[in-house]
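What follows is a short report on a single structure.
The values are calculated or read from the model by the stated rules, or taken from the named source; none is laboratory data. On a predicted model such as this, the values are computed, not experimentally measured, just so you know. Positions of Cβ are backbone-derived with ideal geometry, glycine not excepted, and every protein chain shown enters the neighbour counts. For the accessible areas, the whole protein counts, side chains as well, though only heavy atoms, and no ligand, DNA or RNA atoms are used. Shrake-Rupley method; radii C 1.70, N 1.55, O 1.52, S 1.80 Å.
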Amino acid sequence: MTVTTAKWTLEDYHCMIEVGLLEDRHVELLNGEIVEMPPEGPEHAYLGDEAGKYLRDLLGDRAQVREGHPVTLPNDSEPESDLAIVKPLGQTYRQHHPYAEDIFWLIEYANTSLNKDLDAKRKTYATAEIQEYWVVDLKHRQLKVFRTPCEGDYTSEETLTAGEISPLAFPGIVISVQLLFGGGSPVADPLV
């Protein structure tokens, strides 16, 4: 006997949310599957908040930094990334979550979710053509940078433990890798 998993569409998922079926569940939709999300530990929550503030200061009004909110992707996915750096579309987001074309890059802080973030989420984001995806690996104190999606995965992967990085969408913005891990001090001039 072959076991087949039932797949859910974005419309199905939104209906479940609307009627309250998922009210007390911490879940997200990935490739048509409803996946449980592990609770955030204190370090994960703190660093995500601090990185959100840091990026807002650096980016100003060029982008909006959304913390822990869903993005809607065309592959029947509605993940809740820790940080989504998106186009500042104002009132548009009252009608829908950011779509793939609205996303500059996504960041996940990973501890217990590391395997999911490096595999299922990476492929979900690449399939949706998200140009850049970062995983802040709290266990190993590494920043994994994935770029250039092609055929369901990223063709470029870089691992950083220190130094600086500029996102593809904002090559004039310099981000301290150490600051993403809660160390160092902010860059004085965000336009460096």
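Yes/no matrix, rows are residues, columns are (1) assigned to a helix (DSSP H, G or I); (2) in contact with a strand residue (DSSP E or B) (Cβ under 7 Å, 6 or more places away or on another chain):
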| position | (1), (2) |
| --- | --- |
| MET1 | no, no |
| ALA6 | no, no |
| HIS14 | yes, no |
| ILE17 | yes, no |
| ARG25 | no, no |
| HIS44 | yes, yes |
| ASP57 | yes, no |
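Of the residues in the stretch 114-172, how many are closer than 20 Å to TYR46 by Cα and more than 17 Å from the chain's Cα centre (by Cα)?
Selection size over the stretch 114-172: 5.
So TYR125 fits all but one of (1) out of contact with any Asp or Glu (no Cβ under 8 Å at 6 or more places or on another chain); (2) over 20 Å from ILE34 (Cα atoms); what number is the exception?
(2)
Within the stretch 73-192, considering only helices (runs of 4 or more DSSP H) that don't extend past its boundaries, which have at least 3 residues that are within 27 Å of VAL27 (Cα to Cα) and of a type in the set (Lys, Arg)?
Fully inside the stretch 73-192 and qualifying: 120-127.
Please verify whether the stretch 132-151 includes one or more residues that are open to solvent by 40 Å² or more (accessible area, probe 1.4 Å), among the charged types (D, E, K, R), under 18 Å from PRO70 (Cβ atoms) and in contact (Cβ under 8 Å) with a residue 24 or more places away in the chain.
no
Could you please find all residues in the stretch 85-103 being touching a helix residue (DSSP H, G or I) at 6+ places or on another chain (Cβ under 9 Å) and either open to solvent by less than 20 Å² (accessible area, probe 1.4 Å) or among the polar types (S, T, N, Q) (or both)?
Answer for the stretch 85-103, where residues must be touching a helix residue (DSSP H, G or I) at 6+ places or on another chain (Cβ under 9 Å) and either open to solvent by less than 20 Å² (accessible area, probe 1.4 Å) or among the polar types (S, T, N, Q) (or both): ILE85, VAL86, THR92, PRO98, ALA100, ASP102, ILE103.
Quick one: is GLU78 acidic (Asp, Glu) and open to solvent by 30 Å² or more (accessible area, probe 1.4 Å)?
Numbers: acidic (Asp, Glu): yes; open to solvent by 30 Å² or more (accessible area, probe 1.4 Å): no.
No: the conditions fail for GLU78.
Within the set of pairs 6 or more residues apart or between chains, which connect a residue that is touching a residue at least 60 places away in the same chain (Cβ under 8 Å) inside the stretch 6-20 to a residue that is assigned to a loop (DSSP other than H, G, I, E, B) with Cβ atoms less than 6 Å apart?
Listed pairs, sorted by first residue: LYS7/GLY32; TRP8/GLY32; THR9/ASP76; LEU10/ASP76.
Can you name the number of the only condition in (1) surrounded by 20 or more Cβ atoms within 10 Å (Cβ to Cβ); (2) under 26 Å from GLY60 (Cα atoms) that VAL174 fails?
Condition (1) is where VAL174 drops out.
Of the conditions (1) more than 24 Å from GLU151 (Cα to Cα); (2) without any contact (Cβ under 8 Å) to a residue 24 or more places away in the chain; (3) of a type in the set (D, E, K, R); (4) open to solvent by less than 30 Å² (accessible area, probe 1.4 Å), ASP117 fails just one. Which one is it?
Failed condition: (1).
Only residues in the stretch 63-77 that are free of Cβ contacts under 8 Å to residues at least 40 places away in the same chain and more than 20 Å from PHE170 (Cα to Cα) count as the first member; pair them with residues that are in a strand (DSSP E or B) and open to solvent by less than 20 Å² (accessible area, probe 1.4 Å), Cβ under 8 angstrom, at least 6 apart or cross-chain, and list the lot.
HIS69/ALA84; VAL71/GLU78; VAL71/ALA84; VAL71/VAL86; VAL71/ILE103; VAL71/LEU106
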